Amino acid sequence: MSNGSGRTDIVFWSGNEIVAEAAIAAGCRFYAGYPITPSSEIAHVMAERLPEVGGTFIQMEDEIASMGAIIGASLTGKKTMTATSGPGFSLKMENIGYAYMAEVPCVVVNVMRGGPSTGLPTALAQADVMQTRWGTHGDHPTIALTPAYHREIYFSTIKAFNYAEKYRIPVMLLLDEVIGHMSEGMKVPDPSEYEIFNRIKPSVPPEKYFPYDSSFGDVPPMASYFEGFRFHVTGLNHTKTGFPTTDPDICQREEERMIRKVMKDAEALADLEEYQLDDAEIAVFSFGSTARGARVAVDEARKQGIKAGLLRAITLWPFPDRQVHELASRVKAFVVPEVNLGQMILEVERTAHRDMPIVGVNRVGGVPIPPYEILSKIKEVARNGR
Amino acid sequence: MAVDYLHYLRADKLPHMWCPGCGIGIVVKSMIGAIDALGWDKNETAVVSGIGCTSRAPGYMDMNTLHTTHGRALTFATGVKMAAPDKHVIVIAGDGDSSAIGGNHFIHACRRNIDITMIIVNNNIYGMTGGQFSPTTPYGAKAATTPHGNIDPAFDLGQLAIGAGATYVARGSVDNGRMLQKYLKDGMAHHGFSVIEALSNCHTQFGRRNKMSDPVVMVEWIANKVVTKAKAEKMPPEELEGKIITGELHRNDERPEYTDEYSQLIQRVQKKAGVHQ
Ligand code: SF4
């Protein structure tokens, strides 16, 4: 098996280029997108590379159309992806909800930029994290990955496809502008370094097949179109047959299953880097590019005699409830830097569930949070306890 | 030979949810007749829709069926067709679904000339949501949101499709199912983006507000409004005033089809890259 790029040497790729190459390595053979910065490079690479591997690239008329196209293509059995940024992510929301409801695997990349609205088109933000969780209407689980280093972006992209296939959901790959545009040297991972998961196909003949048959588990096997199964797919609440229902008990049962199918694996989905946390008194919680600066701040704090540590979320959603709660019992305070005006801090507060200082470091001007700002907050908290 | 309609329908899903006398049933019947005449395999055919009364049609059809979001049927269908270019893809949509919320997707599917058959059931109203006016509601007509009469000019969907680049465009009406079936068959057989507009009756939401609550009266109103292209060519302009022309309105067999173009692109790229697959 090859990683698709045919490269195993050292490359110097931006985060966006890595996403595209890793997607192909993961088996993505259909991409639909619409131009938007700072995610455009993903489309550029896909347009060039997909035909080489016999895959399909299509630039659609808008963001909504790209989301619709990847859902349609996924129903034929293909692994599919789209990439966008803030405003485009907002536009895709209705069809993202459709993919949750109809349980259609696909990967949605959002390279976060400043907002609301057009905001800061080519500048950094991490302000779509709550939209990623709650952006579409209705209840649903969310898997969102926030890699911060280059080989990690590669592996996270492959994981995003694996999770989409495994749980039959749209998986969110959340980069931020810095992660998407920064180039770093890296060795292209060899296929022996990761696993590929493909959706489970039905083991029963068409006349016994139901697209949402939970007797096979919370993630029902998924047939493809044109294989003789002739099933129905709708965004309406439906029974196991795929046909609409308004029966309150069935709706309740099915919606609970759709959340359970992901949340029961929350422990396995958790992906955290713990840095200097063993004896830490002040924990920094961070993700994406901000976490790189947070690590520098932790090192500096240690040099100055403060016991600081970093908990970095690589899987941001589902939120690591248990891990943060346990950490909260060991440390005296949390510092939560993020390039927004305080979003993930709400989750830290919720899961820490203790009367302790939990303070944010926030910027929204399109620039990274400098390590010294995080450091001075760590020092302030160490000194004043808040 | 008579068409075995039940072969193409999910009989256990009947009776359907449409009002008695609704024209959508005639369109579905004509559609099945056309599929049968072409000998299309149910397993090889996908039927895609958006939201609205018309968009419930795929649920009754025993094929690969996809009931999507409002206005977006063509986007999902484009994904299906691009991923499986050798399969048949039909979209069935109402006038509001296809030309208001889905208008952008409509013109771009026409422009690409992708081999999808688009059936528009034009009943001049939003039926399911309670009778609001649509982009094809006639000037002056009453609707739930035009209680004082409609001042919006209406789209001519055929001209819109032709202007945007569709390579087969025809218009039929539910008062003449046979003629409609012929256009549906020709459109499905056509290799490129085909648009078949079916003028239909929503007596419940449009008719009721415009003195035609009886489906027979409303279908007669349609029958009196339409003139075949052949007849129209011989009629003086003053007699054509207020008439709607039915027939094959446009056909172009020369323009390249989109999935063909893409598969040629793949071949070119792979040849250049020295990929042998
Ligand atoms: S509301 Fe109108 S379009 Fe809908 S089923 Fe009734 S008659 Fe048909």
Hey, what did chain A get for relative contact order, percent, Cα under 8 Å, at least 6 apart? 15
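Per residue, how much accessible surface does segment A:273-384 expose to a 1.4 Å probe? Answer in Å², no decimals.
Working: 4640 Å² over 112 residues.
Spelled out: the 1.4 Å probe surface of segment A:273-384, per residue, equals 41 Å².
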Suppose R0 equals 56 Å; then what is the FRET efficiency for residue A:10 and residue B:152 from their Cβ-Cβ distance, rounded to the nearest 0.05? 0.35
Could you work out the mean count of beta carbons from other protein chains within 10 Å of each residue's beta carbon in B:37-46? 2
Rg and Dmax of segment B:160-203 over Cα atoms: what are they, in angstrom? 11.0, 35
At 222 nm, what value in deg cm²/dmol follows for chain A if DSSP H runs of at least 4 each add -39500 (n - 2.57) and the sum is divided by all its residues, to the nearest 500? -12000 deg cm²/dmol
How far is helix A:40-49 tilted off the main Cα axis of chain A, in degrees rounded to 10, range 0 to 90? 50
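Report, in debye and to the nearest 20, how large the dipole of segment B:5-273 comes out about its Cα centre when Lys and Arg carry +1 and Asp and Glu carry -1 on their Cβ.
Numbers: 28 positive and 26 negative charges, 65 e Å.
Its charge dipole is roughly 320 debye.
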Among A:179, B:172, A:263 - extreme Cα towards positive end, dipole of the protein assembly as shown, charges at beta-carbon: B:172
Which FRET efficiency, nearest 0.05, do residue B:263 and residue A:325 yield, Cβ-Cβ r, R0 41 Å? 0.15
Counting only other chains, and only Cβ atoms inside 10 Å, what mean value do you get across the residues of B:182-193? 0
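Which percent, to the nearest 5, of DSSP beta bridges fully inside segment A:88-224 are antiparallel? Mind dumping the intermediate values first?
Values: 2 of 11 bridges.
Roughly 20 percent of the beta bridges in segment A:88-224 run antiparallel, per DSSP.
If packing is taken as the mean number of other Cβ atoms within 10 Å per residue, what is the order of A:47-56, B:231-240, highest first? Each step should come with its number before you reach the end.
Values: A:47-56: 19.2, B:231-240: 10.9.
Put in order of decreasing packing, that is A:47-56, B:231-240.
Taking 56 Å as R0, compute the FRET efficiency from the Cβ-Cβ separation of residue B:225 and residue A:346 and round it to 0.05. The partial results should precede the final answer.
Details: r = 60 Å, r/R0 = 1.06.
After rounding, the FRET efficiency stands at 0.40.
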Nearest 100 Å² is fine: how much accessible area is buried between B and A, summed over both sides, with a 1.4 Å probe? 3200
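Taking each residue in A:53-63, count the Cβ atoms of any other chain within 10 Å of its Cβ, then average. What number comes out? Walk me through the numbers before you get to the answer.
On the way: counts 6, 7, 2, 9, 4, 8, 0, 7, 11, 4, 0.
What the average comes to for A:53-63 is 5.
So what is the accessible area of segment A:86-245 per residue, in Å², with the probe set to 1.4 Å? It would help to have the intermediate numbers written out before the result.
On the way: 5240 Å² over 160 residues.
I get 33 Å² per residue for segment A:86-245.
Keeping all protein chains in place, calculate the accessible area per residue for segment B:182-277 (probe 1.4 angstrom), answer in Å².
On the way: 5690 Å² over 96 residues.
Computed with neighbouring chains in place, this is 59 Å² per residue.
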What is the spin-label model distance, in nm, from residue A:151 to residue A:130 if the labels are put 7 Å beyond Cα along the C-beta direction? 3.7
Can you give me the distance in nm between label points at residue B:42 and residue A:207, each placed 7 Å from the Cα along the Cα-to-Cβ direction? 1.2
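What part of the accessible area of chain B, given as a whole %, is carbon or sulfur when the probe is 1.4 angstrom? Intermediate values should be presented prior to the final figure.
On the way: 6380 of 11720 Å².
About 54 percent, which is the carbon plus sulfur part of the accessible surface.
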Which Cα, out of A:309, B:73, A:80, lies furthest along the positive dipole direction of the protein assembly as shown (beta carbon charges, K/R +1, D/E -1)? B:73
Test of understanding: express the Cα radius of gyration of segment B:145-245 as a ratio to 2.2 N^0.38 Å, with N the residue count. 1.19
Under a 10 Å cutoff between Cα atoms, tell me which one of B:205, B:264, B:132 has the largest fluctuation in the Gaussian network model of chain B. B:264
In segment A:206-264, carbon and sulfur make up what percent of the accessible area (probe 1.4 Å)? 53
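Only Lys, Arg, Asp and Glu count, each charged at its Cβ (+1, +1, -1, -1), so figure out the dipole size of the protein assembly as shown about its Cα centre, rounded to 20 debye. Can you show the working numbers first?
Details: 67 positive and 75 negative charges, 63 e Å.
Around 300 debye, computed over the protein assembly as shown.
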With every protein chain present, what accessible area does residue A:253 have (1.4 Å probe, heavy atoms only), rounded to the nearest 10 Å²? 140
Enter the accessible area of residue A:181 (Å², nearest 10), with the probe set to 1.4 Å and all protein chains included. 70
Residue A:306 - accessible surface, heavy atoms, 1.4 Å probe, Å² rounded to 10: 30
If you average the sequence gap of Cα pairs under 8 Å that are 6 or more apart and divide by the length of chain B, what percent do you get for the contact order? 17
Show that you can apply the helix-only estimate: for chain B, add -39,500 (n - 2.57) for every DSSP H stretch of four or more residues, divide by all residues, and state [θ] at 222 nm to the nearest 500. -10000 deg cm²/dmol
Round to the nearest 10 and give me the degree value, 0 to 90, for the angle of helix A:150-167's Cα axis relative to the longest principal axis of chain A. 40
At q = 0.06, 0.10 Å⁻¹, work out log10 I(q)/I(0) for the protein assembly as shown with the Debye formula, treating every Cα as an identical point scatterer and leaving solvent out; two decimals please. -0.38, -0.93
Based on the alpha-carbon set only, what is the convex hull volume of segment A:10-193 divided per residue, in Å³? 99
Provide the packing ranking of A:294-300, B:214-220, i.e. peptides ordered by the mean count of other C-beta atoms within 10 Å per residue, highest first. A:294-300, B:214-220
Pair-distance profile P(r), taking every C-alpha pair of segment A:273-384, with 10 angstrom steps and integer %: 16, 54, 29, 1
Could you give the angle, 0 to 90 degrees to the nearest 10, between helix B:215-225's Cα long axis and the longest principal axis of the Cα atoms of chain B? 80
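Here is the link list: A:92/A:208; A:78/B:81; A:78/A:201; A:240/B:13; A:78/B:29. Which ones come out longer than 24 Å on Cα distance?
Working: A:92/A:208 34 Å; A:78/B:81 12 Å; A:78/A:201 13 Å; A:240/B:13 15 Å; A:78/B:29 32 Å.
Correct reply: A:92/A:208; A:78/B:29.
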Stretched fully, the stretch from residue A:353 through residue A:384 gains (0.36 nm per residue minus C-alpha distance, one decimal, in nm) 9.1 nm
Rounded to 5, the percent of DSSP beta bridges in the protein assembly as shown classed as antiparallel: 25
Give me the base-10 log of I(q)/I(0) for chain B at each q in 0.07, 0.11, 0.15, 0.16 Å⁻¹, Debye formula, one uniform scatterer per Cα, rounded to two decimals. -0.25, -0.60, -1.10, -1.25
May I ask what percent, to the nearest 5, of DSSP beta bridges between residues of chain B are antiparallel? 20
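When a/c is below 1.5 the answer is rounded, else prolate if a/b is larger than b/c, else oblate, so apply that to segment A:206-264 with a ≥ b ≥ c taken from the square roots of the Cα gyration tensor eigenvalues. Write out the running numbers ahead of the final one.
Numbers: a/c = 2.18, a/b = 1.38, b/c = 1.58.
Here segment A:206-264 falls in the oblate category.
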Got a number for carbon plus sulfur as a percent of segment A:61-202's accessible area, 1.4 Å probe? 56
Computed on alpha carbon atoms, what radius of gyration and Dmax characterise segment A:163-225, expressed in Å? 17.7, 53
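Using packing as a proxy for protection, rank B:247-255, B:78-86 so that the peptide with the highest average count of other Cβ atoms within 10 Å comes first. Present the calculation step by step, with values, prior to reporting the outcome.
Details: B:247-255: 14.3, B:78-86: 24.4.
Final packing ranking: B:78-86, B:247-255.
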Keeping all protein chains in place and using 1.4 angstrom, which order do B:261, A:207 fall into by accessible surface area, from largest down? A:207, B:261
Using +1 at the Cβ of each Lys and Arg and -1 at the Cβ of each Asp and Glu in segment B:5-273, identify which of B:58, B:213, B:232 lies farthest towards the dipole's positive end. B:58
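The values are calculated or read from the model by the stated rules, or taken from the named source; none is laboratory data. Because the structure is predicted, anything quoted here is derived from the model rather than measured. Methodologically, a virtual Cβ is constructed for each residue, glycine included, from the backbone with ideal geometry; neighbour enumeration extends over all protein chains shown. Side chains are part of the model used for accessible areas, which takes the heavy atoms of the whole protein and leaves out ligands, DNA and RNA. Shrake-Rupley method; radii C 1.70, N 1.55, O 1.52, S 1.80 Å.
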